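A quick write-up on the structure given underneath.
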Amino acid sequence: MANNTIEEAVKALSTFEMQAQFLEGIGEADQRVRNDETKVITAYGYGSDQHNSSREEMKAVDKMNLEKIEKYLEIHGYPVLRDQGRIAVDVPWTVIQHAGSIEAMRRNFNHIYKAHSEDYQLRDIAITSYLNRMYQLEFGEPMVWDRPFKLKEELDTLMGALNLETF
């Protein structure tokens, strides 16, 4: 789908129901390629030609999904729980982190942060997963804690380590 076609399709989403269906479709495509990869690994083995082909398909789907999500966020903003529903709310942050690009995650961070901090439509696990994935992409390893910590401390520590500013 060309970028102009994506933009036209997203602009045509004139109802909350249409927006939810669009987002849910992206979420289904995202999960389908991941489930397919698992089946390929089980059948042919990790690193097999079939697995490598499956990974390439996943990368192509992830790229297309990211383009759709970024255009959606640009035109409609982050979906709202009461309007589009839980599945639609969870699709953008999931798709962005699955794209595996620190640049895409940085580019879209304010959408994710706002959806969590202002509207409280994103669950805590969503933003912590997103930030932990960013940290791992940035530094090549997960953040390790040597003691218990609370959510606010985790968010503040990850945002500081990643040098993220909001709005």
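Of the residues that make up the stretch 9-21, is at least one under 24 Å from ASN110 (Cα atoms), crowded, with 17+ Cβ neighbours inside 10 Å and either without any contact (Cβ under 8 Å) to a residue 60 or more places away in the chain or β-branched (Val, Ile, Thr) (or both)?
Checked against the condition, which is being under 24 Å from ASN110 (Cα atoms), crowded, with 17+ Cβ neighbours inside 10 Å and either without any contact (Cβ under 8 Å) to a residue 60 or more places away in the chain or β-branched (Val, Ile, Thr) (or both), the stretch 9-21 yields at least one hit.
Identify, from the list ALA60, ALA88, the residue that is exposed (fewer than 14 other Cβ atoms within 10 Å of the Cβ) and at pLDDT 95 or above.
Values: ALA88 fails: exposed (fewer than 14 other Cβ atoms within 10 Å of the Cβ).
Being exposed (fewer than 14 other Cβ atoms within 10 Å of the Cβ) and at pLDDT 95 or above holds for just one of ALA60, ALA88, which is ALA60.
Would the stretch 34-41 turn up any residue that is aliphatic (A, V, I, L, M), over 18 Å from the mean Cα position of the chain (by Cα) and closer than 25 Å to SER101 by Cβ?
yes
Which is more than 15 Å from the chain's Cα centre (by Cα), loosely packed, with under 13 Cβ neighbours inside 10 Å and at positive phi, of GLY77, GLY47?
Within the list GLY77, GLY47, the selection yields GLY47.
Taking the stretch 117-131, which residues are in a helix (DSSP H, G or I) and surrounded by fewer than 20 Cβ atoms within 10 Å (Cβ to Cβ)?
If the condition is that a residue be in a helix (DSSP H, G or I) and surrounded by fewer than 20 Cβ atoms within 10 Å (Cβ to Cβ), then SER117, ASP124, ILE125, ALA126, THR128, SER129 are the ones that fit.
Considering the stretch 1-33 alone, what residues qualify as being farther than 27 Å from ARG86 by Cβ and over 21 Å from the mean Cα position of the chain (by Cα)? Walk me through how you get there before you give the answer.
Residues of the stretch 1-33 farther than 27 Å from ARG86 by Cβ: 2-5, 8.
Selection gives ASN4, THR5, GLU8.
Which helices (runs of 4 or more DSSP H) does the stretch 1-109 wholly contain that include 1 or more residues that are over 21 Å from LEU137 (Cβ atoms) and of a type in the set (Gly, Ala, Ser)?
The helices (runs of 4 or more DSSP H) meeting that bar are 3-11, 16-44, 49-76, 86-98.
Taking the criterion of being in a loop (DSSP other than H, G, I, E, B), in contact with a helix residue (DSSP H, G or I) (Cβ under 7 Å, 6 or more places away or on another chain) and within 23 Å of PRO79 (Cα to Cα), would at least one residue in the stretch 132-147 satisfy it?
No: the stretch 132-147 contains no residue that is in a loop (DSSP other than H, G, I, E, B), in contact with a helix residue (DSSP H, G or I) (Cβ under 7 Å, 6 or more places away or on another chain) and within 23 Å of PRO79 (Cα to Cα).
The values are calculated or read from the model by the stated rules, or taken from the named source; none is laboratory data. Here the structure is a predicted model, which means the values were calculated and not measured. With ideal geometry, Cβ positions are generated from the backbone for all residues, glycine too; neighbour counts draw on all protein chains shown.
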